Amino acid sequence: MKHFTYRLSWLLLILATTHLMCFAQEKGRIFNVQAEQRTNGSDTIDVWYDLAGFEETFTITGLLAYGGPYEIAVEFCTGDYGPGVAPGNNKHFAYYAGGHKPGVEWTKVQIELRAYFQTGESCPGMPTVDYAGQTYETIKIGGQCWLKQNLNAGTMIDYQELPWLDDEIEKYCYDNNPSNCNTYGALYHWWEAMDYGQATPGKQGICPSGFHIPTNYEFSMLINLFGGNSLAGGALKAPNLWNAPNTGATNISFFTAFGAGSGYNSAGLTGPDDCFGIGELSYIFTSSMNNGPNKPAMGLYFNNNDATFTDLVADPFPFGSVRCMKNCDTQPSSSNAGSDQTQISGNFTTLAANSPAYGIGKWVIVSTHSAGKMGAFEDKWNPNSGFYGYPGETYLLEWQISNDCTVSTDQCVIGFEAFVCGNNFVDQRNGEVYPTILIGDYCWMAKNMTIGEQTEVGDFSDDGQIQKSCYDDDPSKCEEYGGLYNWKEAVQQEYSGDFRRGICPVGWFIPTDALWCDLTTTIDATVDCETNNDWTGTNAGGQLKETGNTHWLNPNTGASNTIGFTALGAGYASSYYNEFGFHEINESAQFWTSTHISYSRRVWHVAYDESRVGRKSISANFRELSVRCVHYPNY
């Protein structure tokens, strides 16, 4: 059986998977997908996968992305496809692609697998709950059981008054109108909803016995069932009792949230007091209070699809709704994220969380970092995942173990020491060692990048897997000169920003045109950084080149390697029809920048018979050049 990793040489298949369940559920997943096209002429693809989850059965669907997407109907599949698929390993179905798309000759297609669960039913054995003189329906969503209506318990008081700290529940009705409580549910102060005492996540508060005010994690599980923060609002909102346009409201979750509005009061201390937003917003309190005084809630809105968390300002006292969630029948294993690691050399460490006996674990970064310094997990589902971080950065990581109902969490601190330029850098992805040098304002690698799977000239793909060419298709040339990459592969489809990591290790990036200018003018003040398609300067090229004739032809003009950059004559590859193949080994070295101008990309280059440095613009699509990486500044 061949495990297709996104690229085939002749007919058929790229596979993609989504996380388990409806849209982007994160407490389970489809994984370990493998595929094989049958060779008996039947145009059938065999697909194997593993399915993890907490429902008894799921509905497996697939989309075919080939000028589509096209949904793959059950009639073209046999085996573990369609409704009634139980979680487990080595699931298999056969997809009769020839019947689905007869007469189509494919070179590459993509199949996306998804798994859905049923929702809309009441909680098993508990269709209703009687509490404080009212009857509430229940709704099962994923593995969670919710009251289907906002809480409306307690004695109504004027919204300009504060509730008393006593055993009696006191509520507000929007604009002091009792009918609004009957329609939308009541509004409460957060501390009243929590029944005072300590601010404990998952506290019962004013909910019925056996229920509690949900945590942020439990709300997140609900939100992630329906596409995440930017999409789930529509799935949670009822189609009525919201003002137009009630964007995206489908209520496919059956959560049936109404635009209950909000308000605030100051107990007459500062005023004015007010109710606002009925039909336009709903703030549903969570029990996960931050360290500050503000009150946490999940927000839904009439004019967008968002379902986001917000902290309602503490003064004046905000009003919010309460939606109660049933206590989970079973808890996931207690999470242990492992020990803190605060003095890590390099950019990589191995994490050491516990493997859950019950539940599914997942790593997340909970600290805030600039977009250019975000860390990365090798496999966020693995308790012993490798983690890449930026030198000089400290990360707060959280190991979340979830079952179908709730989440257990623990955190650890991962801190990386600042990188000292001049030291060797080890790329943990493949063990390659790179010497480094400080030139001008930046730390450069003193060796060309070589990372990725070797492929033929022009055979790069945009699947997120790194591929490289080796001169003359000889792997030893990659070891000696570094790999050759087309521009899109070098930047890994990142088309904006100055610090594009691309194929570089975490903490390093593809240099811009401006950085090449900084490098060359540092060693040769006569370099003109506005030169285009010409040579410039006096001896910058010679100072960049390795001396001698091991990697350069005679005369290797001006070669001195004074700064230790050690440029080698790696040549280039081309997929142009009229020059297809490899060219100029030991004659030239050409380096991509991340800078693009219209359809062209900036390139800096040196040559065996030239002491100057060259700057030019070429197409991004057909040339494969060398890549040097620059360290992200330590600030």
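Taken together, the values in this text are just the output of simple stated rules run on the coordinates, not laboratory data. Owing to the predicted nature of the structure, the values given are computational and were not obtained by experimental measurement. As a convention, Cβ positions derive from the backbone with ideal geometry for all residues, glycine included, and neighbour counts pool all protein chains shown.
From the phi of every residue in segment 578-585, what ³J(HN,Hα) in whole Hz does the Karplus formula 6.51 cos²θ - 1.76 cosθ + 1.60 yield, where θ is phi - 60° and glycine or proline is x?
Per-residue couplings from phi come out as 8, 9, 4, x, 10, 9, 6, 4 Hz.
Rounded to the nearest whole Å³, what is the per residue volume of the convex hull around the Cα atoms of segment 26-132?
136
Set the Förster radius R0 to 35 Å, insert the Cβ-Cβ distance between A371 and F276 as r into 1/(1 + (r/R0)^6), and round the FRET efficiency to 0.05.
Numbers: r = 35 Å, r/R0 = 0.99.
Efficiency computed from Cβ-Cβ geometry: 0.50.
Let me have the relative contact order for segment 564-635, percent, based on Cα pairs under 8 Å that are six or more residues apart. Write down the numbers at each step before the final one.
Details: 131 pairs, mean separation 20.8, N = 72.
Worked out over segment 564-635, it gives 29 percent.
How about K237: which aspartates and glutamates have a C-alpha closer than 20 Å to its C-alpha, ignoring those fewer than 8 places off in the same chain?
Straight-line reach from K237, under 20 Å: E121, E137, E218, E280, D306.
Between E479 and D46, what is the label-point separation in nm under the 7 Å Cα-to-beta-carbon projection?
So the label points at D46 and E479 sit 3.6 nm apart.
With Rg and the Kirkwood Rh both taken from Cα atoms, where does Rg over Rh land for the chain? Each step should come with its number before you reach the end.
Working: Rg = 30.1 Å, Rh = 28.4 Å.
My calculation puts Rg/Rh at 1.06.
Identify, among G537, L568, H583, the residue whose Cα sits farthest towards the positive end of the charge dipole of segment 525-588, taking +1 on the Cβ of Lys and Arg and -1 on the Cβ of Asp and Glu, with the dipole about the Cα centre.
Farthest towards the positive end: L568.
Over 18 Å between C-alpha atoms is what I'm after, so list which of K140/K326; K140/K295; K295/K362; K447/K488 land there. Write down the numbers at each step before the final one.
On the way: K140/K326 10 Å; K140/K295 27 Å; K295/K362 27 Å; K447/K488 21 Å.
Those over the limit are K140/K295; K295/K362; K447/K488.
For T595, what residues show an amide H to amide H distance below 5 Å, using hydrogens built from the backbone and excluding near sequence neighbours?
When sequence neighbours closer than 5 places are left aside, the close amide H contacts are D513, R602.
In nm², what is the average projected area of the convex hull enclosing the Cα atoms of segment 523-635?
Details: hull surface 32.4 nm².
Quarter of the Cα hull surface area: 8.1 nm².
Percent relative contact order of segment 341-416, based on C-alpha pairs within less than 8 angstrom and at least six residues apart?
Details: 160 pairs, mean separation 29.7, N = 76.
With pairs under 8 Å counted, the relative contact order is 39 percent.
Tilt of helix 513-523 relative to the longest C-alpha principal axis of the chain, in degrees (0 to 90, nearest 10)?
50
Greater than 24 Å separation of Cα atoms is the criterion. Which listed pairs, K148/K171; K91/K148; K148/K203, meet it?
Values: K148/K171 19 Å; K91/K148 35 Å; K148/K203 19 Å.
In this structure, K91/K148 lie more than 24 Å apart at Cα.
Spelling out what I want: for every residue of segment 141-146, take phi, set θ = phi - 60°, compute 6.51 cos²θ - 1.76 cosθ + 1.60 (Karplus), and round to whole Hz; glycine and proline get x.
Once θ is set to phi - 60°, the couplings for segment 141-146 become 10, x, x, 9, 10, 10 Hz.
If R0 is 30 Å, what FRET efficiency do you get for T155 and A238 from their C-beta distance, rounded to 0.05? Don't jump to the answer; show the numbers that get you there.
Numbers: r = 27 Å, r/R0 = 0.90.
Between T155 and A238 the formula returns 0.65.
Taking the 0 to 90 degree range and rounding to the nearest ten, how far is the long axis of helix 216-225 tilted relative to the main principal axis of the chain, both from C-alpha atoms?
70
Report relative contact order for the chain in percent, whole number only (criteria: Cα-Cα under 8 Å, sequence separation at least 6).
Details: 1686 pairs, mean separation 52.4, N = 635.
Reported relative contact order: 8 percent.
What do you get for Rg/Rh of segment 143-242 when both radii come from the Cα atoms and Rh is the Kirkwood radius? Write down the numbers at each step before the final one.
Values: Rg = 14.9 Å, Rh = 15.1 Å.
For segment 143-242, the value is 0.99.
At 7 Å along Cα-to-Cβ for each site, give me the label-to-label distance between A132 and E71 in nm.
4.2
Viscosity 1.567 mPa s, temperature 4 °C: what is the translational diffusion coefficient of segment 128-326 from Stokes-Einstein with a Kirkwood Rh over Cα pairs, rounded to a whole number of µm²/s? Please report the intermediate quantities before stating the final value.
Values: Rh = 16.5 Å.
In µm²/s, the coefficient rounds to 79.
Which whole-Hz ³J(HN,Hα) couplings does segment 535-552 yield from phi under the Karplus relation 6.51 cos²θ - 1.76 cosθ + 1.60, θ = phi - 60°, glycine and proline marked x?
Rounded to whole hertz, the list is 8, 8, x, 10, 9, 4, x, x, 5, 7, 7, 5, 7, x, 10, 5, 10, 9.
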